[in-house]
Structure formats: C-alpha cells, structure tokens
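Chemist: Below you'll find the structure I mean.
The values are calculated or read from the model by the stated rules, or taken from the named source; none is laboratory data. Everything quoted here is computed from the prediction, not taken from an experiment. Glycine also receives a Cβ, built like all others from the backbone with ideal geometry; neighbour counts cover every protein chain displayed. With ligands, DNA and RNA removed, areas are computed over all heavy atoms of the protein, side chains included. Shrake-Rupley method; radii C 1.70, N 1.55, O 1.52, S 1.80 Å.
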Amino acid sequence: MYLCNMVKTKFYRKKKFKVIATLLVLLLLVIVSCNIIIVMKARPKCYNNTVEIPHNHVGLLLGTSPYLGNGNVNLYFKYRIQAAVELYNSGKIEYILVSGDNSRSDYNEPLEMKNALIEKGVPENKIFLDYAGFRTLDSVVRAKEIFGQTSFTVISQKFHNERAVYIAGWHHIDAIGYNAKNVSANYGFKTTIREYLARVKVFVDLVIKKKPKFLGEEIEIPGTQPSGGFNHAKLFSIEQTDDYKTITVFNPWKPGEIYARYYLVKENATPVPADGDKILIPVKTLMANSATHIGFLDLLGELDKVTGVCSSDYIYNSVIGERVAGGQAIDLGDAFSLDIERLLLLHPQAVMTTAYNADDENSKRMKQTGLTILYNIEWQEQTLLGRAEWIKYVGAFFDKDALADSIFTTVEQRYNEIKEMAAGTTTQPTVLSGQDFRGSWSMPGGKSFNAQLFKDAGGDYFYQKDNSTGSLSTTIEEALINFNKADVWVNVQANTLAELALTDSKYKLFKAFREGKVYNNNKRITGSGGNDYWEGAVARPDLLLSDMIKIFHPEVLPNYELTYMQQLPE
C-alpha cells in the first residue's frame, strides 16, 4: 500500500510539474510574441538622430522623475531632456508636450521636466504640460483627444518609444519616435523586465479597449490644426503647417499602419517630405470611380471638375449625366475593370478611388500609370456622421476647407437635433432590415452605422448588442425566429409587397409584411438604376435619419416627407 501511494505521489508530482512547465512555456511565448510584434511594427518608425527624423509640429516627451528612490540622478530623465532639447534646437519640433504623473501634490513629473527644459534654453511658451499622463497609453491618447495632435514625435528611450508608437498606431495617430540615449544594462535591468510585461499589457488594453483615466477639456497648441476638428471620422487626419497641408489616410484593416499620405501645396516649388504624394491644389480635373464621392463633390460645387466616372448609368446626379452626355466627362466602364487606355488619354490631375483591404488588379494598374490616386475610405467609418465628415477630406483637395467644415457642421447639428427629438419618444418599434439573397440574409452588425441609425431613430434592433461593425450572415429561418414580430421592415430590394412575396412566400409570415410596414430605399432612383441613397445620403445622414424617424415615429416629424425611403404598395 505504501509503495502504491509513493507511485501515485510521484505521478501527480510529475503531472503537476508538466502543467507548470507548459504554462511557463506558454507565458514565455506570449511575452516573446508581444515583444516581436511591437518591435517589427514600431522600430522602423523610431530614429536615433536629428538628421534623418521627419519634422513634426509637436514632440511628446514622456515623463519620469528627476531622481531615483535612493536620491541619485535618474539617467532616464537626464537623457530624455537632452533628446527633447536636441529635437527642438534642430528645428524638428516646434512645441514640446510634456506628459507625466502628477497624482500626488508632492510628485510632479511634468513640472520637473518643464523646469529642466527651460534651464536648457527652451522657451517657456513652447512647452505644454499634461498632468494626467499616468501611463503611456494615457499620454499618447490624451495628446490626440485633449491636445488635438494626430501626428507627433514621441521622445523617450528606444524601448519606450516602440511601445508608445505602437499604441499610437492603434488609435489612428501618426507617431514616430526619437530615441533618447539609453542607460547601461545593469542600471536599467528592472526597467527592462517591466518593459516586457508592459508590452503584454499593451495587447490586453487593446482587447478590452482601455481608455485614459481622465480626459477633459481640449487645450490648443498654437500654429497647427492637427485634428481638423474631427469629431466622428477616425480614418483620416489633416494637419496644416506654414507651407503645406498633410492629409493622412489610416488603414482600417491593419491598425497602426498608414494607407496613404498626401502633401497639399499651392505652389509646385514648395518642398515636402518624401513619404507621400505632393498634390497641387485646388485640383482642376478629377476622375471619380465611385458614386459615393459624387454627393460630396455636389455639396462642394465641384462637379464641373469631374472629367471621368465609372458606370454612369448607375449615377443619380443629373449634372454628371449631362456632363457625360455632352462629352465633358467620360464613362470609363466598371470600377473594377477600368478602360485604362482611355483614362491615360483623359489624364486627370487625380483619381479618387475607394480603398480596399487588398490591392485589386485594377488599382495596381492605375498605380502603374503614374496617376495620382486619392484613396477614399469613408465606407469603413462606423457611424453615419463619420462617413459624412469625409467631406472635409474631399474639400481639402479643392482648397475648400472652410466650406466643407461649414456644410458638415450644419449636417451634424441637424442630425443631433432630430436625434434628440427621437430620444424623447416613449416607444421603440422593433426593426428588421434587408432580405434573403440566394439563401443568405445579411443584416447589420450591432456596431455598424446602420445599427446606429436604428438606435438614433428610436428603434429597437435585435442585434444591437452584437459587436460586429460589418454585416451578419443569417438565413430566412433565423430571421423568422428573431424578427417575425418586428414592427417595421426596411431596406428591401422589391418595389411592391406582391413582388416581395413572389421572391419567397415565407415573407408573408412576418408581421411587418402583413401590416404593410415595409420600406425600400428606392424613392430617388433613375430609370437606368442610379440611386441617390448611395450618393446624396452618404453626405446627408441628417436626411437619412429623418427618413428613419418618420418611419418609426411619424408623429415626431409630422410635416416631413421621406427623401430616400418609400413604403411598398401592395
């Protein structure tokens, strides 16, 4: 018996050892993987000298204490101050934003750094302080949200810069790093260990969508308009400097990466950085390959600059139709199989095209021609106002920033006003969207702009708690289970209830069908198929919201007539 117990004990000890060893190996793999990902993504954006590093209006100096716990000078502090002074004196930054911890009355990293910078000759009026930079994530995100910077240079040691730049990329910030002198291996051993764990924490924060501890009122740093005043659009930024305007388009499929960068100048001789396309503004001729761009161009009064389009039969705007008919604009065929030879003969100053997750053959061919490609990714924004705010992107290329801002502000105000009106209603009608197509029924994900539209209009949507930003693939059987009692049915393709029933008799089982509360978005459509829902509604979400409120709560807008939506007759 004793021998048996001995064997069992050894067996369980061995098993326990294997479990612990496996967990340790997995932990090590996680730590190494997180480190490799951050290094690969961020290290190319970190610089060691002031000659090679690009210019940024603001340098973000990450805080630390001037002294260690034993009273000795903190070399991390000393070397970061030196690096910030080097950048400022070389003209590679104009302002220094010091972000650090001031959580106690007797501990003030930003003020200590400010005093050290002034001692080194940096003017006080060139230094801004962020007292709520408790963590690197807080410092980076607050630089954008509070101080309005979507492009800046992080100043710290190399290991710290890599982490900060990686975090910035995830928050659609175009950041680079300037590496301060590092300390010896023995001096910084504890910091090195903490850094490896901090890099794992980066990914935990990204998964749980960690926010800064504090935000607050915005603080303006003079001489720049980094955020472009964007409240909703997340996938582009505009920064104005003395000589040129920088537009950065962020990659929605690869967070942290830049999809495209443009430098807008009014004189060709103006020097710009080499990491983007120089565009002479205002643009004189433009080829637009998506109908979604037409609504913006119309509101800006720039349709006369459009000399080429795709599939003109499917464009609603009558001015474009007249230009194509009169020969002022050329139809270059389907957007995915353009007539490249005719495009080259047309030779527009720029081609505005929709961007995708991967380069299609057509895009590759356009790039090879040497034409300037302006990527528009408004369709990847997660809110209707975010999509509409891309009018500022389009307007910048025509030097109409003020007009674009004014148009969007009016749209935004109207949207929010009627949204508040819907919020005051006491009922929430349930809503069903779309219809079956060849055995698959695509419905809006809970975080998509359509789901947000239903919510803002005072509707109740079954998938509103889902976290998808795109579409959900379901079936008619699932729809019958979850939506058979829905009060309203929107975004169908049919034009009459009879036509809808002919496609599938199961549609008659839905309450909304039986009560005739079914709507399509075909009210403004041409005989050839051009639909303003895909053009004007992109730029005018206030009208689209008005339509949805009129359908959900007709008493809220008694005198309003539907713009894009219409109720299906029998």
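Chemist: In nm, to one decimal, how far is the Lys211 label point from the Met421 one, both placed 7 Å along Cα→Cβ?
Modeler: 2.9
Chemist: Moving on to the next point. Excluding Gly395 itself, what net charge comes from residues whose Cβ is under 10 Å from its Cβ, given Lys and Arg +1 and Asp and Glu -1?
Modeler: Charge balance in the 10 Å sphere: -2.
Chemist: Can you give the Rg to Rh ratio of the chain, both from alpha-carbon atoms, with Rh computed by the Kirkwood formula?
Modeler: 1.05
Chemist: If you don't mind, another one. At a 10 angstrom cut-off on C-beta neighbours, averaged per residue, how do the peptides 557-564, 530-537 rank from highest to lowest?
Modeler: Per-residue mean Cβ counts within 10 Å order the peptides as 530-537, 557-564.
Chemist: Run the helix sum for the chain: -39,500 (n - 2.57) per DSSP H stretch of 4+ residues, divided by residue count, reported at 222 nm to the nearest 500 deg cm²/dmol.
Modeler: Computed mean residue ellipticity for the chain: -12000 deg cm²/dmol.
Chemist: DSSP loop chymotrypsin sites (Phe, Trp or Tyr not before Pro) in the stretch 64-156 with at most 12 other Cβ atoms within 10 Å of their Cβ, which ones?
Modeler: Listed in order of number, the matching sites amount to none.
Chemist: Accessible area per residue of the stretch 421-570 at 1.4 Å probe, in Å²?
Modeler: Dividing the accessible area of the stretch 421-570 by its residue count gives 47 Å².
Chemist: Taking H placed 1.01 Å from N in the peptide plane, check which residues at least 5 places from Gly177 or on another chain put their amide H under 5 Å from its amide H.
Modeler: Cys46, Tyr47, Val154
Chemist: Shifting gears a bit: In the neighborhood of Asn115, defined by Cβ-to-Cβ distances under 13 Å, what is the net charge if each Lys or Arg adds +1 and each Asp or Glu adds -1?
Modeler: So the environment of Asn115 carries a net charge of -2.
Chemist: Quick one: compute the contact order of the stretch 311-415, relative version, from alpha carbon pairs under 8 angstrom and 6+ residues apart, as a percent. Let's see the in-between values first.
Modeler: On the way: 79 pairs, mean separation 16.8, N = 105.
The normalised contact order for the stretch 311-415 reaches 16 percent.
Chemist: So, one more: Per residue, what accessible area does the stretch 78-216 have, given a 1.4 Å probe and all protein chains present, in Å²?
Modeler: Each residue of the stretch 78-216 exposes 45 Å² on average to a 1.4 Å probe.
Chemist: Let me ask another. Can you give the FRET efficiency to the nearest 0.05 for Ala325 and Asp106, using r as the Cβ-Cβ distance and R₀ = 56 Å?
Modeler: Details: r = 76 Å, r/R0 = 1.36.
Efficiency computed from Cβ-Cβ geometry: 0.15.
Chemist: Using Cα pairs under 8 angstrom and six or more residues apart, how large is the relative contact order of the stretch 489-570, in percent?
Modeler: Dividing the mean separation by the residue count of the stretch 489-570 yields 37 percent.
Chemist: Related question: Enter the per residue convex hull volume of the stretch 187-287, computed from alpha-carbon coordinates, in Å³ rounded to the nearest integer.
Modeler: Convex hull of Cα atoms, per residue: 211 Å³.
Chemist: Ignoring ligands, DNA and RNA, what percent of the accessible area of the chain is carbon or sulfur (1.4 Å)? The partial results should precede the final answer.
Modeler: Numbers: 14890 of 27780 Å².
Whole-percent figure for carbon plus sulfur exposure: 54.
Chemist: Turning to a different aspect of this structure: Taking R0 as 30 Å, what FRET efficiency do you get between Ala274 and Ala402 from their Cβ-Cβ distance, rounded to the nearest 0.05?
Modeler: Details: r = 30 Å, r/R0 = 0.99.
Efficiency for this residue pair is about 0.50.
Chemist: With contacts defined as alpha carbon pairs under 8 Å and 6 or more residues apart, what's the relative contact order of the chain in percent?
Modeler: 9
Chemist: Check Asp436: other-chain or 5+ apart residues with amide H under 5 Å from its amide H, H built from backbone geometry?
Modeler: Amide H neighbours of Asp436, under 5 Å, 5+ apart: none.
Chemist: What pairs from Lys485/Lys508; Lys144/Lys447; Lys126/Lys158; Lys41/Lys392; Lys392/Lys455; Lys419/Lys523 go past 18 Å between their alpha carbons?
Modeler: Working: Lys485/Lys508 12 Å; Lys144/Lys447 23 Å; Lys126/Lys158 24 Å; Lys41/Lys392 29 Å; Lys392/Lys455 26 Å; Lys419/Lys523 22 Å.
Going by Cα-Cα distance, Lys144/Lys447; Lys126/Lys158; Lys41/Lys392; Lys392/Lys455; Lys419/Lys523 fall outside the 18 Å limit.
Chemist: Please give the length that would be gained between Tyr560 and Leu509 if that part of the chain were fully extended, namely 0.36 nm times their separation in residues minus their C-alpha to C-alpha distance (nm, one decimal).
Modeler: Here the answer is 15.3 nm.
Chemist: Something else about it: Tell me the GluC sites (Glu not before Pro) within the stretch 246-307 that lie in a loop according to DSSP and have at most 12 other beta-carbon atoms within 10 Å.
Modeler: Hits after loop and neighbour filter: Glu257, Glu267.
Chemist: Given a 1.4 Å probe, how much area per residue of the stretch 218-303 is accessible, in Å²?
Modeler: Working: 3620 Å² over 86 residues.
Value returned for the stretch 218-303: 42 Å² of accessible area per residue.
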